[in-house]
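The values are calculated or read from the model by the stated rules, or taken from the named source; none is laboratory data. Quick caveat, the model's predicted, so the values are computed rather than measured. Note that each Cβ is placed from the backbone with ideal geometry, even for glycine, and that neighbours are counted across all protein chains shown. Accessible surface areas use protein heavy atoms only, side chains included; no ligands, DNA or RNA. Shrake-Rupley method; radii C 1.70, N 1.55, O 1.52, S 1.80 Å.
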Amino acid sequence: MPHFHIEYSANLEDLMDFAQLCEVIRAEAAAIDTFSMPGIRVRATRVDHYAIADGNPKHGFIDLSVRLREGRADDVKSDAIQRIFEVLHAFAAPAMARHSIAISAEMRDIDAALSPKAGTIRDHLGDRG
(Lines give C-alpha, C1' and ligand atoms only; values in the text may rest on other atoms or scores of the structure.)
Protein backbone atom coordinates (compact mmCIF):
# COMPACT_ATOMS: atom_id res chain seq x y z
CA MET A 1 0.00 0.00 0.00
CA PRO A 2 -0.79 2.79 -0.85
CA HIS A 3 -3.00 2.75 -3.91
CA PHE A 4 -3.48 5.99 -5.84
CA HIS A 5 -6.45 6.13 -8.19
CA ILE A 6 -6.83 9.13 -10.46
CA GLU A 7 -10.19 9.66 -12.12
CA TYR A 8 -10.33 12.37 -14.76
CA SER A 9 -12.93 13.76 -17.12
CA ALA A 10 -12.49 12.65 -20.72
CA ASN A 11 -12.26 16.25 -21.94
CA LEU A 12 -8.84 16.56 -20.27
CA GLU A 13 -7.20 13.68 -22.09
CA ASP A 14 -5.76 15.87 -24.84
CA LEU A 15 -4.66 18.55 -22.36
CA MET A 16 -2.58 16.46 -19.98
CA ASP A 17 -0.37 13.37 -20.09
CA PHE A 18 -2.01 11.11 -17.51
CA ALA A 19 0.65 8.42 -17.85
CA GLN A 20 3.20 11.07 -16.84
CA LEU A 21 0.97 12.21 -13.98
CA CYS A 22 0.95 8.61 -12.70
CA GLU A 23 4.75 8.61 -12.75
CA VAL A 24 4.99 12.00 -11.02
CA ILE A 25 2.71 10.82 -8.23
CA ARG A 26 4.57 7.49 -7.95
CA ALA A 27 7.90 9.27 -7.64
CA GLU A 28 6.64 11.66 -4.95
CA ALA A 29 4.99 8.82 -3.04
CA ALA A 30 8.24 6.83 -3.14
CA ALA A 31 10.01 9.81 -1.53
CA ILE A 32 7.58 9.84 1.41
CA ASP A 33 8.84 7.69 4.28
CA THR A 34 5.42 6.47 5.39
CA PHE A 35 4.79 4.76 2.04
CA SER A 36 6.42 1.43 1.27
CA MET A 37 7.84 1.72 -2.26
CA PRO A 38 7.03 -1.88 -3.26
CA GLY A 39 3.38 -1.32 -2.33
CA ILE A 40 2.82 1.83 -4.38
CA ARG A 41 0.23 1.49 -7.14
CA VAL A 42 -0.82 4.46 -9.27
CA ARG A 43 -3.50 4.21 -11.93
CA ALA A 44 -5.63 6.64 -13.92
CA THR A 45 -9.11 6.06 -15.25
CA ARG A 46 -10.79 8.22 -17.86
CA VAL A 47 -14.40 9.02 -17.03
CA ASP A 48 -16.55 9.40 -20.13
CA HIS A 49 -19.85 10.23 -18.46
CA TYR A 50 -19.99 13.12 -15.99
CA ALA A 51 -21.80 16.37 -15.25
CA ILE A 52 -20.12 19.32 -13.55
CA ALA A 53 -21.38 22.61 -12.06
CA ASP A 54 -23.71 24.30 -14.58
CA GLY A 55 -23.53 21.39 -17.02
CA ASN A 56 -21.18 23.13 -19.44
CA PRO A 57 -19.07 20.39 -21.07
CA LYS A 58 -15.95 22.60 -20.98
CA HIS A 59 -15.55 21.94 -17.24
CA GLY A 60 -13.21 19.12 -16.29
CA PHE A 61 -12.07 17.37 -13.14
CA ILE A 62 -9.25 15.33 -11.66
CA ASP A 63 -9.99 13.41 -8.48
CA LEU A 64 -7.23 11.55 -6.65
CA SER A 65 -8.21 8.85 -4.19
CA VAL A 66 -5.50 7.45 -1.92
CA ARG A 67 -6.15 4.24 -0.02
CA LEU A 68 -3.65 2.95 2.52
CA ARG A 69 -3.49 0.50 5.37
CA GLU A 70 -4.60 1.87 8.70
CA GLY A 71 -2.20 2.67 11.52
CA ARG A 72 -0.45 5.88 10.49
CA ALA A 73 -0.67 8.96 12.70
CA ASP A 74 -2.95 11.76 11.49
CA ASP A 75 -0.08 14.24 11.14
CA VAL A 76 1.85 11.76 8.98
CA LYS A 77 -1.18 11.22 6.74
CA SER A 78 -1.86 14.96 6.57
CA ASP A 79 1.71 15.68 5.47
CA ALA A 80 1.61 12.86 2.89
CA ILE A 81 -1.68 13.91 1.27
CA GLN A 82 -0.56 17.56 1.19
CA ARG A 83 2.68 16.61 -0.58
CA ILE A 84 0.86 14.43 -3.11
CA PHE A 85 -1.79 17.11 -3.71
CA GLU A 86 0.90 19.75 -4.28
CA VAL A 87 2.49 17.55 -6.95
CA LEU A 88 -0.90 16.98 -8.59
CA HIS A 89 -1.73 20.69 -8.47
CA ALA A 90 1.64 21.70 -9.93
CA PHE A 91 1.26 19.16 -12.73
CA ALA A 92 -2.26 20.36 -13.55
CA ALA A 93 -1.49 24.09 -13.21
CA PRO A 94 -0.65 24.76 -16.90
CA ALA A 95 -3.93 23.17 -18.04
CA MET A 96 -5.85 24.88 -15.22
CA ALA A 97 -4.56 28.26 -16.39
CA ARG A 98 -6.28 27.72 -19.75
CA HIS A 99 -9.30 25.54 -18.87
CA SER A 100 -12.01 25.13 -16.24
CA ILE A 101 -10.73 22.25 -14.09
CA ALA A 102 -11.46 21.19 -10.53
CA ILE A 103 -8.94 19.01 -8.71
CA SER A 104 -9.43 17.14 -5.45
CA ALA A 105 -7.77 14.48 -3.35
CA GLU A 106 -8.85 12.25 -0.50
CA MET A 107 -6.98 9.77 1.67
CA ARG A 108 -8.76 6.83 3.29
CA ASP A 109 -7.60 4.12 5.65
CA ILE A 110 -8.19 0.49 4.81
CA ASP A 111 -9.02 -2.00 7.55
CA ALA A 112 -6.14 -4.50 7.26
CA ALA A 113 -8.29 -7.34 8.61
CA LEU A 114 -10.65 -6.90 5.65
CA SER A 115 -8.03 -6.43 2.94
CA PRO A 116 -6.04 -9.58 2.14
CA LYS A 117 -2.92 -9.14 0.02
CA ALA A 118 -0.55 -11.38 -1.92
CA GLY A 119 2.16 -10.64 -4.45
CA THR A 120 5.71 -11.22 -5.63
CA ILE A 121 6.83 -7.67 -6.46
CA ARG A 122 9.18 -7.51 -3.47
CA ASP A 123 10.79 -10.76 -4.65
CA HIS A 124 11.72 -9.08 -7.94
CA LEU A 125 13.02 -5.75 -6.61
CA GLY A 126 16.34 -7.02 -5.29
CA ASP A 127 18.05 -4.45 -3.07
CA ARG A 128 15.29 -1.89 -3.69
CA GLY A 129 12.52 -3.92 -1.97
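All of 58, 77 fail the test of being basic (Lys, Arg), touching a residue at least 12 places away in the same chain (Cβ under 8 Å) and open to solvent by less than 40 Å² (accessible area, probe 1.4 Å), apart from 77.
Got a sec? Which of 104, 115 is small (Gly, Ala, Ser), at pLDDT below 95 and surrounded by 10 or more Cβ atoms within 10 Å (Cβ to Cβ)? Even if it seems obvious, please write down each step before you answer.
Numbers: 104 fails: at pLDDT below 95.
115 is the lone residue from the list that is small (Gly, Ala, Ser), at pLDDT below 95 and surrounded by 10 or more Cβ atoms within 10 Å (Cβ to Cβ).
Out of 33, 63, 109, report the one residue that is surrounded by 11 or more Cβ atoms within 10 Å (Cβ to Cβ), under 20 Å from residue 3 (Cβ atoms) and over 11 Å from the mean Cα position of the chain (by Cα).
Numbers: 33 fails: surrounded by 11 or more Cβ atoms within 10 Å (Cβ to Cβ); 63 fails: over 11 Å from the mean Cα position of the chain (by Cα).
Only one candidate qualifies: 109.
Of the residues making up region 1-30, those that are open to solvent by 40 Å² or more (accessible area, probe 1.4 Å), under 20 Å from residue 115 (Cβ atoms) and either touching a His at 6+ places or on another chain (Cβ under 9 Å) or at pLDDT below 95 (or both) number 0. Restricting attention to region 80-92, the residues that are open to solvent by less than 40 Å² (accessible area, probe 1.4 Å) and of a type outside the set (Gly, Ala, Ser) total 4.
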